[in-house]
1. Go through the residues of segment 596-612 one by one and say whether even a single one is farther than 30 Å from Pro349 by Cβ, of a type in the set (S, T, N, Q) and either in contact with a strand residue (DSSP E or B) (Cβ under 8 Å, 6 or more places away or on another chain) or in contact (Cβ under 8 Å) with a residue 24 or more places away in the chain (or both).
2. Given the structure, is Lys18 closer than 30 Å to Leu209 by Cβ and either buried (at least 24 other Cβ atoms within 10 Å of the Cβ) or in contact with a Ser or Thr (Cβ under 6 Å, 6 or more places away or on another chain) (or both)?
3. Would you point out the residue of segment 135-148, among those that are over 35 Å from the mean Cα position of the chain (by Cα) and crowded, with 17+ Cβ neighbours inside 10 Å, that is modelled with the lowest pLDDT?
4. Between Arg432, Arg495, Arg506, which is of a type in the set (Lys, Arg) and at pLDDT 95 or above?
5. Among the candidates Arg121, Arg164, which residue alone is in contact with a strand residue (DSSP E or B) (Cβ under 6 Å, 6 or more places away or on another chain) and closer than 30 Å to Asp176 by Cα?
6. Quick one: in segment 154-184, which of the residues that are basic (Lys, Arg) and at pLDDT 85 or above is nearest to Ala19 (Cα to Cα)?
7. Where in segment 433-544 are there helices (runs of 4 or more DSSP H), lying fully within it, with 2 or more residues that are of a type in the set (D, E, K, R)?
8. Residues that are crowded, with 20+ Cβ neighbours inside 10 Å and modelled with pLDDT under 90: list the strands (runs of 3 or more DSSP E) wholly contained in segment 337-413 that include at least 3 such residues.
Amino acid sequence: MSAWLLKMSFGPVGSMIKAARRNRDLWAGSRLLADCVRAAALSLEQESGGKLIYPISDLLHDGHRESNVSNVLLASFASGDQGSIRQAFDKARQAAMSRLTAMGEKAKSTWLDSEPADSLRSDLFDAQIADALECYGAWTPQRTDHEGGYASAYEHLKKLFDARKATREFSQCAVDDKGVPKSSLDGLNGSVLKPKKHLQYKTIKKFALGRGEQLDALGLIKRSEDPPGRFVPLSRVAVEPWLQVLRAARAEDKSLTEALQDIEIAYGKLVATGVATKVDADLFDDMLFDAALLFPSRLSRELADLDRLIVDLKDSEFSDADARTARELIAEIQKKLIPIWKQYGHPNPYAALLVADGDKMGKFVGAAASDTEHRDISRAIAEFSEGVPSIARAHQGQAVFCGGEDLMIVMPINRLLGVAESLSQSFLSTIRPQHEAMWQRLAAEGIPESARPALPTLRVGIAICHAMEPLSQIRTYADEAESLAKGLELPKSLRGHALGLRLHLRAGHQLQARLRFDDPEAFAALRTWLAAYGSRSADVTEAPTGALTPEALEELGTAPGRLGYDLRDLIARYRRYRITEPEPLLATEFERLLIRANESGGDGKLSAPLKAALRARLQALVPAKPDAFEPYERLASELILARWLASATDLGED
């Protein structure tokens, strides 16, 4: 009998995590998949005698349930044969399936606590659960009698596993859902909810059901989970920069202080009706609610929904009197907000979703000479992952998913640079000791530097989107931002280790920028644009690179909101002319633009430090094989992007 390596993966990630309309859907989907993987991993260790390589065993126990695990398992077996390893795989797969089935039964029970049995398509629910979990596996014997046995076995295992995943199974759902409305989370599976004129109000509240919203089996499980109170809705994250402006103004505006206190009191009463939700004081000091009613459009829609509810709701648990009370409270909040909106503007409804993943991890892990070295790498990755929630909280963000170096975080738009840089630095400091130890071993073995694995880095993608966009769409945008950070179209030396930013306006416009983490001047430049557009957030004043002092901020002055747009229009106009050598003309026009531009809100010209920063950034953006227009276009995108990130108030759809 020989030693063996076994690799397993679980999914699909799309329907389990990415299918989401709300923050709680992302959180619950991450928890759902992690619990299935955790059950399989425990089976491998406790029932089959395996020893986990990835993830580390510490993450499997109850004290670490808040920590997500990746959807991939890797385990070693000291001895065994083809049959015993196959049996270990089957047991692990069944453990994951049993865990999913148990969660499904709990969700059904929760639904049926307040609704009749005929309100649920139980046969379709059971069929979807039986078909929901994808599990792929591969295993290979490991030679332990000669050097390099582990590395060669692991390389062979990866090829086997890729081949197995390429032969996917496409089984059809056992129950025909033809004519059944599709799930509102992703539009793929049929809804398990039967048409019903009136749901019990506690059902609507428990499952956070919007008007006409449909859920498939996985969606029902997600909505049945009780997210911790600290889990913050995206609306509360989006409104934070605006609230920071109000906090700064309270010292000189007593009426503002009183109005905000009255709003919080009314919001507290709304929580009891189920119209609003409360959040924990883990991230914020005040306005510990979803804060959706601080946005005019959401407040108006809530009033309209309550008006309909008063007319046609027959649920005895939420009487007309309760509905009228909720409406009166919202009207009171609206009355307090109108003068605040008039003086300070409407809050900017945009928030940021960050996703991240490791670069060059495959070659690094593949160079491990033993399962012990591989476990040390896994332990370092787990250490980084465990620290991610603290990094996010330090910048008023919240970690939704932390599975190794695969991350998802929501945060206010005025704190995203700090989160991204801190994550990159933390990842490097955690993984570098393992990389150095590996290099020392390879050097002792006579392996030349050119053949040793490069230091892994982190790439980060951030999507800036309207808080009312479906979370599944925002996640797609964030994945596109991560692809921008990866930079596959660039030379290998410039790929990865970067921040990709993508702004998606509801009107359909898109802007993007890519900053390398080893280019501090790029981050300093973006912070300069943020400051010039009025931002005084910690991203500008407390940053590890490019922080601006009060003196520098005063000297910098302000930039007009049109500066980036004017530069973009200028470049678009000259592109149409198809000039053979446009560089001298573009340089002249750029200088004319700087001379003509006035400071924001005044007749003063741009400050000398701001002009110098714009010129320096333009020079830094010139590519090796220059397209004369590209540096100007990239600078224009950075300026427009910075204007949005710096604004605490709604800019409309510029």
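1. There is at least one residue in segment 596-612 that is farther than 30 Å from Pro349 by Cβ, of a type in the set (S, T, N, Q) and either in contact with a strand residue (DSSP E or B) (Cβ under 8 Å, 6 or more places away or on another chain) or in contact (Cβ under 8 Å) with a residue 24 or more places away in the chain (or both).
2. Yes; evaluated as a whole, the condition is true for this residue.
3. By that ranking, first place goes to Gln142.
4. After applying the criteria, what remains is Arg432.
5. Answer to the selection: Arg164.
6. Residue satisfying both the conditions and the ranking: Lys182.
7. 471-486, 520-532
8. Ranges flagged: 398-403.
The values are calculated or read from the model by the stated rules, or taken from the named source; none is laboratory data. Remember, predicted model here, so these are calculated numbers, not experimental data. Cβ sites come from the backbone with ideal geometry, for glycine too, and all protein chains shown count toward neighbours.
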